[in-house]
Amino acid sequence: MNDPLFNPWKLGSLSLKNRILMPAMHLNMAEDYQVSDKLCAFYAARAAGGAGLIGVGYASIDLLSAHAGHIGAHDDCYIPGLTRLAETIHRGGAKAFVQLNHAGRYNHSMLTEGVQPVAPSAVPSRLTGETPRELAEKEIEELISAFAAAAQRVTKAGFDAIEILAGTGYIISSFLSPLTNKRQDRWGGTLENRMRFGLEVIRAIKQATDLPLLVRINGNDFMSGGIGRETLQQFALELEKSGVDGLSINVGWHEAQMPQIVTKVPRGAFAYLARNIRQQVSIPVIAGHRINDPQAARKLIAQNWCDAVAMGRALIADPELPNKAAAGKEQQLVHCVACGQGCFDALFKFQHVECLCNPRAGHEDEVLETTQESKKVLVVGGGAAGMSAALAAANAGHRVTLCEKSTRLGGQLDLAGAPPGRQEFRILARDLANQLGAAGIETRLGTTVDAALLQNMQPDQVILATGGRPQTPPIPGSDLPHVIQAWDLLQQKAHAGQQVVVIGGGAVGIESALMLAEEATLPAETLKFLLVHRAEDPEELYRLATSGSRQVAIVEMLGKLGRNFGKTTRWTMLQDLERYGIASRTGVKVTRITPEGVMLETEQEAGEKVKELLPADTVVLAIGTRAENPLQNCCEELGIEFRTIGDARKPAMVFDAVHQGHKAGKEVA
């Protein structure tokens, strides 16, 4: 059967074995701009995993274009490291390109030794909170030359192609946008002038090297008063005229108030932007963003929405995705859940990229040792931590049995995947379960581990991953019949009325509130039906999609909601609370729950305490998790070596559970 994903194609003169491209992503693995062992090991795994074309970077063109965690291409001293990186990718069987970029107003002076960032105009950046310095015309010419010089270094290093990042709010797109380009010289004003910088960069690179040239542009910047689809399509046409060999379609600026990378973004949601541009140009067009599954990718290619797909975080989560898809083993894939916890959130903390789904990501340079003495290992608990531990122990050569007292694997992944737009977490539970089967791990569902079972099995080591239980607060009235736990709500073991108060403004509380609000609105299928038939004005359809009959409020004792969300997810969740009309009260204390609702106490600045009743026919408790570890004493009494991981050790995030499990499994000795 002909598979669109694995049909060869060409990018300019470059022949490629399949249509899976790994786009360039900042990993923060370079060391003072130099290519590191960690960086090479990371890309070696993706090349061996079967991707046809792998992008690295972005790489710097001068000292204000990036910071020391980026790959350097602004000086000849970085050519040996670049050469090593290109050779690493080639050994794995993939072709390689380097993305060149200048951050412009998105750089931060604390990352450039206090030097003020530069841009076409002195327009403040909401991303950094800084105002850049406006470039002089001579400096603009120097930047164009710097792009060309960096391209020459990449060519000398042996890469197969070059990509220019001309979107996302970085310097080329900030020249293009009237929001950030207020110049009145030949570099600003008219669209022709605003396109000039980007096109001059392309022409200079074409003169400096014969390598195929790819340009990554936005299909829409999603900035009010910004560039927009139509202008970007014109820019795409001009890029083609300038000799560009292909276009990779990105979406949005970093400042855009549009969710782009989080779990709730549907798979392939922005591929229509690639289709729009593909209908305008004759060169190959690559679609990206939230394409984490081969079936979704091949559908886009088969329907001529694009010529190839960019799968970035999908290949962080599972480097073997292309090989598995080619071999018909897609049931063994581990799909990216788009949580942002290990990738984007790590960068905000100035850490290197990791992954919730793949604890090996970012640690490929660490040797996984195979045991010389196979141990009998019992893992108790089939949640994220337990499954991760079982897989790591089995991969190290141990004989592993996993026992789960319920009739399904997944644990709290099932809860995390219950709210609308969070289904990827349930898919992760399925993926990890499939990994257990592929690894030959004995899995016993509906099995409660007790002293008798431990004595019968005689394991050499036990890994306790028994998870946690929701906390019940010491609030008078918590035992009333209209009070339910968020966990029961998410598992559909309990149902809410029309006036709901959620106690607890952490992740579980916010997700519960959003689920309650959304399930009372117009369903997606009905919305599309009414839209296609023009039954209602689009504004009325928007109202019906965001406003339901249920009233939902969140109360939180601390002064901030969503503290345990990562930075990349939190703002979208808070945005949704406002969009769905969910009231929120922070800095308040719940003193009691009554049949009529929730009694609140707020302390005023003068020390006066104000009390009020917040009416509710249902109260949802979402105040946290307590560890559940009933077997520790039993293991101690029987003298069985054990370790405790995940929520059974200390309630935390899914990311922590997966990584703790992996560490415990690989350290079995």
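Each value in this text was obtained by applying a stated rule to the coordinates, not by laboratory testing. The shown structure was predicted, so the numbers you read here are calculated from the model rather than taken from an experiment. Glycine gets a Cβ as well: all are built from the backbone with ideal geometry, and neighbour counts include every protein chain shown.
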(Q) For Cα pairs less than 8 Å apart in space and 6+ apart in sequence, what is the mean separation divided by the residue count of the chain, i.e. the relative contact order in percent? (A) 11
**Q.** Tilt relative to the chain, helix 654-666 - C-alpha long axis, 0 to 90 degrees, to 10
**A.** 80
(Q) Angle check, please: helix 384-395 long axis (alpha carbons) against the longest principal axis of the chain (alpha carbons), in degrees 0 to 90, nearest 10. (A) 70
Q. Looking at the stretch 332-395, which GluC sites (Glu not before Pro) are DSSP coil and have at most 11 other C-beta atoms within 10 Å of their C-beta?
A. Glu366, Glu369, Glu373
Q: Based on other C-beta atoms within 10 Å, arrange Cys40, Cys306 from fewest to most.
A: Cys40, Cys306
Q | Local electrostatic count, Tyr170, Cβ distance below 14 Å [Lys/Arg +1, Asp/Glu -1] | A | -2
Q. For Phe97, what charge total do you get from the other residues with a beta carbon under 10 Å from its beta carbon, if Lys and Arg give +1 and Asp and Glu give -1?
A. -1
Q.
Nearest 500 deg cm²/dmol is fine: what mean residue ellipticity at 222 nm does the chain get from its DSSP H runs of n ≥ 4 alone, each adding -39,500 (n - 2.57), divided by its residue count?
A. -10000 deg cm²/dmol
**Q.** For q = 0.12, 0.14, 0.15 Å⁻¹, Debye-computed log10 I/I(0) when each Cα of the stretch 4-348 counts as one equal scatterer
**A.** -0.79, -1.13, -1.32
Q. Cα gyration tensor of the stretch 359-409, axes a ≥ b ≥ c as square roots of the eigenvalues: rounded (a/c below 1.5), prolate (a/b > b/c) or oblate?
A. oblate
Q: Please order Lys156, Lys666 by the number of other Cβ within 10 Å, starting at the fewest.
A: Lys156, Lys666
**Q.** Rounded if a/c under 1.5, otherwise prolate or oblate - the stretch 483-623, Cα gyration tensor axes
**A.** prolate
Q: Give the Rg/Rh ratio for the stretch 269-314, taking Rg as the radius of gyration of the Cα atoms and Rh as the Kirkwood radius, to two decimals.
A: 0.94
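Which pairs, out of Lys95/Lys663; Lys349/Lys560; Lys329/Lys376, put more than 24 Å between their alpha-carbon atoms?
Among Lys95/Lys663; Lys349/Lys560; Lys329/Lys376, the Cα-Cα distance tops 24 Å for Lys95/Lys663; Lys329/Lys376.
Quick check on the exposure proxy: order Lys528, Lys589 from fewest to most C-beta atoms within 10 angstrom.
Working: Lys528 11, Lys589 14.
The order, fewest Cβ neighbours first, is Lys528, Lys589.
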Q. Going toward the positive end of the dipole of the stretch 483-623, with +1 on Lys and Arg Cβ and -1 on Asp and Glu Cβ, which of Thr569, Val590, Gln604 do you reach last?
A. Thr569
**Q.** Total formal charge among the other residues, if their Cβ is under 13 angstrom from that of Arg430, Lys/Arg +1 and Asp/Glu -1
**A.** -3
**Q.** Cα-based helix-to-principal-axis angle, 79-91 vs the chain, degrees rounded to 10
**A.** 60
Q: Using label points projected 7 Å from each Cα along Cα→Cβ, tell me how many nm separate Trp571 and Arg126, to one decimal.
A: 0.7
Q) What full-extension length gain, to one decimal in nm, is calculated for Thr448 and Asn633 as 0.36 nm per residue of separation minus the Cα-Cα distance? A) 65.0 nm
(Q) Charges at C-beta only: +1 for Lys and Arg, -1 for Asp and Glu. How large is the resulting dipole of the chain about its Cα centre, in Debye rounded to 20? (A) 1000
Q. In percent, what relative contact order does the stretch 4-348 have, based on Cα pairs under 8 Å that are 6 or more apart in sequence?
A. 16
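Between rounded, prolate and oblate, where does the stretch 85-176 land on the alpha carbon gyration tensor, with a ≥ b ≥ c its root eigenvalues, rounded for a/c under 1.5, else prolate if a/b exceeds b/c?
Judged from the Cα gyration tensor, the stretch 85-176 comes out prolate (a/c at least 1.5, a/b above b/c).
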